[in-house]
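First comes the structure, then the notes that go with it.
Read-outs throughout are calculated quantities, based only on the coordinates presented, and are distinct from any laboratory measurement. What you see is a predicted model; the values in this text were computed from it and never measured. Here the Cβ is made from the backbone with ideal geometry for all residues, glycine too, and neighbour counts use every protein chain on show.
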Ligand SMILES: [Mn+2]
């Protein structure tokens, strides 16, 4: 199953539209939205009619009902989704990896830094970068990950 991973759109639904128009986005069966801002995750769910897992970012404080972290199981993988600001990801992903391991998750998805990151390992750490306000390139980015049981995820970073 292919999942889409996106973060930090910060209200720029045009960037989400550009992402959805990308051929790589066509095969996605569900989206993971790593926060900032929650309304954009709702927009994504509305226009795609697909399930969208979402968590609160540091700019999502009005959405008090949103979780800071979520664990989802897909194809034998356990995925921890969190924005990352509560795990010090500006400095290191060590705390995030520890949190994922504590939840028996083998994949950790975060955002917040607006810098794409792929770290293979016992816990595969993924940050799709920001779709709207990238700090690592001129163009925004998202990810598509193919998940199969008993296989490492196959991850593509895509710029819009
Ligand atoms: Mn943030």
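Where does the range 19-101 land on Rg/Rh, using Cα atoms and the Kirkwood Rh?
0.99
Taking the convex hull of the Cα atoms, report for the range 2-159 its projected area averaged over all directions, in nm².
For the range 2-159, the mean projected area of the Cα convex hull comes to 8.2 nm².
For a protection proxy built on the mean count of beta-carbon atoms within 10 angstrom, sort 106-119, 7-20, 144-157, 37-50 highest first, please.
106-119, 7-20, 37-50, 144-157
Order of 122, 29 from fewest to most other C-beta atoms within 10 Å?
Taking fewest neighbouring Cβ atoms as first place, the list is 122, 29.
From the helices alone, meaning DSSP H stretches of at least four residues, give me the mean residue ellipticity at 222 nm for the chain, per-run term -39500 (n - 2.57), in deg cm²/dmol to the nearest 500.
-5500 deg cm²/dmol
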